[in-house]
Amino acid sequence: MSLFLFLSFVALLSALGVVLAKNPVHSVLFLILTFFTLSAHYLLLNAQFLAAVNIIVYAGAIMVLFLFVIMFLNLNEETEPQKPMLAKVAATVSGGLLLLVMVAALRGVEPTGYNAATFDSQIGMVDRLGMVLFKEYSLPFELASILLLAAMVGSVMLGKRETGERNF
Amino acid sequence: MESLSNRAKKLEKKPMTLAERAYLPAIFQGLSITMQHFFRAATKKQITVRYPEETRPFSPVFRGLHVLKRDEQGRERCTACGLCAVACPAEAITMVAGERKKGEQNLYREEKYAVSYEINMLRCIFCGLCEEACPKAAVYLQADKMAPPRYERDEFIYGKDRLVEPVSPDNRSKRGIQLTPEQADKLRTQMQSA
Amino acid sequence: MSLESLGWQGLVILVVFGISLLIATYCTYAERVIAAFLQDRVGPDRAGPFGIVQPLADAVKLFTKEEFFPSGANKALFIFGPCLAMITALMSSAVIPFGNFLKFGETVVHLQGIEINVGMLYVFGIVSLGVYGIMIGGWASNNKFSLLGAIRAASQNISYELAMGLALIAVLMMSGSLSLRDITLQQSVPGEWHFWNVVKQPLGFIIFIVCAFAETNRTPFDLPECETELVGGYHTEYSSMKMGLYLFAEYVNVFVASAVMSVIYFGGFNFPFQYELRSWLSSSQGLSIDAAQNIIAILGVVAVFAKIFAFIFFFMWVRWTLPRFRYDQLMRLGWTILIPLAIFNILLTGGLITTGIIPEIKQWW
Ligand code: SF4
Ligand code: SF4
């Protein structure tokens, strides 16, 4: 329990850091820390596979690309454009709305708690996950993979050289 | 066009074969070459000279640190004529001439001698022109000594204290006119009696 | 798990940690000696007999050098970069099985830091984090060459991680398990001929080893620290022990990559005729079954380290043989050759499994 509280505390703190940090690179690093604490939460839930994949995909690949782009753009405090007041208000309102939706959605949820007798410690293990994913949810899984494939083909199309185009 | 020596190799840019494009055969070829060298280190004699313990022999015509010779009676040969300084392309040599006093005949061979004689080893290019210019066979570049590295610049200016060779026939430089055994014996007895 | 075995397990973790550091230390020495031999030279031979305490001399040198902070550098991140590089490098050795188990009476000690059933994913995740150390260090230096090195490292790692993962998937399809211990045990079934995965996955192994070179930033893929173009790459501005940590992390990475390859493709702690040896020890030598098992386990540790050292040697051998790739060649190799090959390998493996040419793996332990 204390581990959970500590992790949640760090997660919230680093999530705040993402928003409040002036330097975009710091923001990205805070975001990575947030992913780590989330992965630790997965581990507490005995979902090792999810924890590892979260780190590989988000911290290991997506955030590297984020950092990559931010380093290329060389954003920092001086060059950061001042957003107009309207944009700030709009951002606050939409963020608040999101919060409202989430609170409303989760309000009705009743945590079932955990029953030592029926609890299955193997539930988050990778073989169980695979069974569920490929047996019960195989159609959504395949649909998602087709979506990703389409995205991949699209990015290859975008990145392809066109004849007559100059490349540097 | 006909080439002059007919040794030029004609290079043709052929499209690479599959084996060449796969790149792996070439990698293995390279790896095997380096591996041969790896084992050569164990079998053949190594060519590295481990410097402080081993040294490479000097060539007999090596031009190293200068020496100012003495003659068979232990007198300095140099007469401060300045020809070496004139010949020196690097202007490394300076000297002050002086007249030999009475009673100094056993110190200096000629009536005029060098009161001070300095060679700046940082300027010197060890060309050996001073040696060739000297009419008195006084200055030589030794084949077995080098001007060693120092920390300070002024330590590279070698005065007479470091240039003139010792009187003792056993410690003399191997370059230049050598003493015959009789002359050496005579000099030894002279030194012992003095 | 009893408290006592928990204590033993802690000891194993410490030993693994120490061994990784020790091996990385001596890699710096081995690299120079091997480089020297490959180039007909002598190599370091001044510090101690055959230069054996050379790493110590290097450490003293690095520790006593001036700590330098470039102006305009982001100080916190500048320090954090090398730390992160070192931490991620050291973390991945935790799940590698360096041996089977030792049994003293009731206590069973697994010669592995921690056994988790997603061991391979763990290694993969930690390796993918390794690039942050380089990126942060390169960015925080406030130097364009460092930044270029960092960006090269990032794009190179992402590109080659893909091919590496795809090559591993083919192994996973055969093994049906992500646990490195299971994968090791599968490679030697008692009473059957000893089959290492490299025999079943030659193409996958070649892809994996090429990617391992790229992931550890070793020649021919050491473009992030390419001195002809980028001064020193991401560690241009680093001096003293911070620089040392980067160099060190590279060797720890080499060690881990070698360990992973020997475990996944070369049978890990298995060695030929181990079961025959065990039954011979227990039957005709009169040892108890536990003692025989312990002897086999210790020999297995020797075997896995022999394999690891062979791979480390290979890394160095390649480094002193091949010239560096050009950056576009590197990217072309990664995206247009290795990834299609890896996908082809997956399809091939799938076909061979469904047709039954690659037999199904029995969970025999
Ligand atoms: S060796 Fe050449 S440069 Fe040196 S002092 Fe003699 S003449 Fe000058
Ligand atoms: S060393 Fe020879 S050339 Fe030079 S001053 Fe003396 S006598 Fe003349």
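Can you give the calculated 222 nm mean residue ellipticity of the protein assembly as shown, where each DSSP H run of n ≥ 4 adds -39,500 (n - 2.57) and the sum is split over every residue, rounded to the nearest 500 deg cm²/dmol? The partial results should precede the final answer.
Details: 27 runs with 397 residues, N = 727.
Calculated mean residue ellipticity at 222 nm is -18000 deg cm²/dmol.
Applying 1/(1 + (r/R0)^6) with R0 = 41 Å to the Cβ-Cβ distance of B:SER32 and B:ASN6 gives a FRET efficiency near 0.75. Relative to the longest principal axis of the Cα atoms of chain C, helix C:75-91 runs at roughly 20 degrees. Within the shell of other residues whose beta carbon sits under 12 angstrom from the beta carbon of C:PRO55, the net charge comes to 0, with Lys and Arg scored +1 and Asp and Glu -1.
Helix B:24-43 axis versus longest C-alpha principal axis of chain B: approximately 40°, rounded to the nearest ten.
Between 0 and 90 degrees, the angle of helix B:181-193 with respect to the longest Cα principal axis of chain B falls at about 50 degrees.
Close amide H pairs (under 5 Å, H built 1.01 Å from N) link B:SER116 with B:VAL96, residues at least 5 positions away or on another chain.
Sort C:ARG218, B:ARG50 so the one with the fewest other Cβ atoms within 10 Å of its own Cβ comes first.
On the way: C:ARG218 19, B:ARG50 11.
Fewest-to-most ranking of C:ARG218, B:ARG50: B:ARG50, C:ARG218.
Counting neighbouring beta carbons within 10 Å and listing from fewest to most, the residues C:TRP320, C:TRP280 come out as C:TRP280, C:TRP320.
DSSP loop chymotrypsin sites (Phe, Trp or Tyr not before Pro) in segment B:114-181 with at most 10 other Cβ atoms within 10 Å of their Cβ, which ones?
Taking segment B:114-181 and a limit of 10 other Cβ atoms within 10 Å, the loop chymotrypsin sites (Phe, Trp or Tyr not before Pro) found are B:TYR151.
Got the relative contact order for chain C handy, in percent, Cα pairs under 8 Å and 6 or more residues apart? About 23 percent, as a whole number. Across segment A:1-76, the mean sequence separation of Cα contacts (distance under 8 Å, 6 or more residues apart), normalised by length, yields a relative contact order of 31 percent.
Considering Cα pairs under 8 angstrom that are at least six residues apart, work out the relative contact order of chain B and quote it in whole percent. Could the numbers behind the result be given before it?
On the way: 244 pairs, mean separation 43.8, N = 194.
Result for chain B is 23 percent.
Please give the net charge around A:PHE72, taking every other residue with its beta carbon less than 13 angstrom from that of A:PHE72, where Lys and Arg add +1 and Asp and Glu add -1.
Values: positive: C:LYS144, C:ARG152; negative: none.
Here the charged neighbours net out to +2.
No lab work stands behind these numbers, since they all come straight from the coordinates. As the structure is a computational prediction, the values presented were derived from the model and not from experiment. Cβ sites come from the backbone with ideal geometry, for glycine too, and all protein chains shown count toward neighbours.
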